[in-house]
1. Quote the FRET efficiency, to the nearest 0.05, computed for residue 143 versus residue 73 with a Förster distance R0 of 25 Å and r equal to the Cβ-Cβ distance.
2. Counting Lys +1, Arg +1, Asp -1, Glu -1, what net charge surrounds residue 97 among other residues with beta carbon under 12 Å of its beta carbon?
3. Suppose R0 equals 45 Å; then what is the FRET efficiency for residue 20 and residue 125 from their Cβ-Cβ distance, rounded to the nearest 0.05?
4. Looking at this model, which pairs from 24/100; 56/88; 77/121; 57/88; 77/145; 77/100 are more than 27 angstrom apart at the alpha-carbon?
5. How large is the dipole of segment 114-170 about the Cα centre if only Lys and Arg carry +1 and Asp and Glu carry -1, each at its Cβ, rounded to the nearest 20 debye?
6. Top to bottom by accessible area (1.4 Å), largest first, where do 165, 51 land?
7. Which of the chymotrypsin sites (Phe, Trp or Tyr not before Pro) found in segment 26-81 are in a DSSP loop and have at most 13 neighbouring Cβ atoms, other than their own, within 10 Å?
8. Step through the residues of segment 20-36 one at a time and calculate ³J(HN,Hα) from phi using the Karplus curve (6.51 cos²θ - 1.76 cosθ + 1.60, θ = phi - 60°), rounding each to whole Hz and writing x for Gly and Pro.
Amino acid sequence: MICLIWGNLGQGTCKADDLVAQFKTPPEPAKPWTWWHWMSGNITRAGISRDLEAMKKQGLGGAVIFNVNTVTAGPIKIFSPEWQALLKYAAQEADRIGIKLSIQNCAGWQTAGGPWITPEKSMQQLSWSETEASGSAKVNLLLPKPFARGGYYQDIAVLAFPTPDDEGVR
């Protein structure tokens with residue numbers, strides 16, 4: 001019999017109960033981590049403290065701060081002095097609470113590529129447009145081009161379906 005007790009490979013020396021106990025309460029180096037999304041500058045000291053305390057309560061060992069830029073911008077601009085002060089506060093709170101902390105090296109997913117990655121090979125965004133038509137006859141319509149990040153766009157599907165009589169329902 002070979003079993004692994006964290007950091008110690010033993011031969012015939014451990015019991016199933018030992019494995020169960022370590023699975024339920026893993027040692028610090030074996031605890032899972034999570035992505036911690038800081039969404040578009042919507043960050044506060046109180047939110048940082050609550051998030052880290054909740055992570056600790058759930059048994060997480062650490063978090064990777066991941067700045068996500070979306071269309072809904074918050075009050076804190078990434079890399080601004082306010083953002084840097086909140087990052088320092090997060091590190092201090094993580095130390096206080098006993099959570100390890102790391103950080104993604106850019107805002108969003110921007111480092112997944114370079115000048116050699118052409119727009120059609122880069123990360124994509126699903127976008128759409130809507131056009132309404134009336135009647136049951138076959139129609140030819142020019143569909144508006146949806147938003148295209150970096151000027152690149154490719155159709156993947158056209159969906160057509162009857163809408164309910166109630167115009168407020170989608």
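1. According to the calculation, E is roughly 0.25.
2. Net of charged neighbours comes to +1.
3. With a Förster radius of 45 Å, E is 0.50.
4. Cα-Cα > 27 Å for 77/121; 77/145; rest within.
5. Details: 5 positive and 7 negative charges, 76 e Å.
In total the dipole reaches around 360 debye.
6. Of 165, 51, the descending order of accessible area is 165, 51.
7. Numbers: sites: 33, 35, 36, 38, 66, 79; in loops: 79.
Within segment 26-81, the qualifying chymotrypsin sites (Phe, Trp or Tyr not before Pro) (loop, at most 13 other Cβ atoms within 10 Å) are 79.
8. With the stated coefficients, segment 20-36 comes to 4, 4, 6, 5, 5, 10, x, x, 3, x, 9, 6, x, 10, 9, 6, 10 Hz.
The values are calculated or read from the model by the stated rules, or taken from the named source; none is laboratory data. Just so it is clear, the structure is predicted and the values come from calculations on it, not from any experiment. FYI the Cβ positions are ideal-geometry reconstructions off the backbone, even for glycines, and counts take in every protein chain you see. With ligands, DNA and RNA removed, areas are computed over all heavy atoms of the protein, side chains included. Shrake-Rupley method; radii C 1.70, N 1.55, O 1.52, S 1.80 Å.
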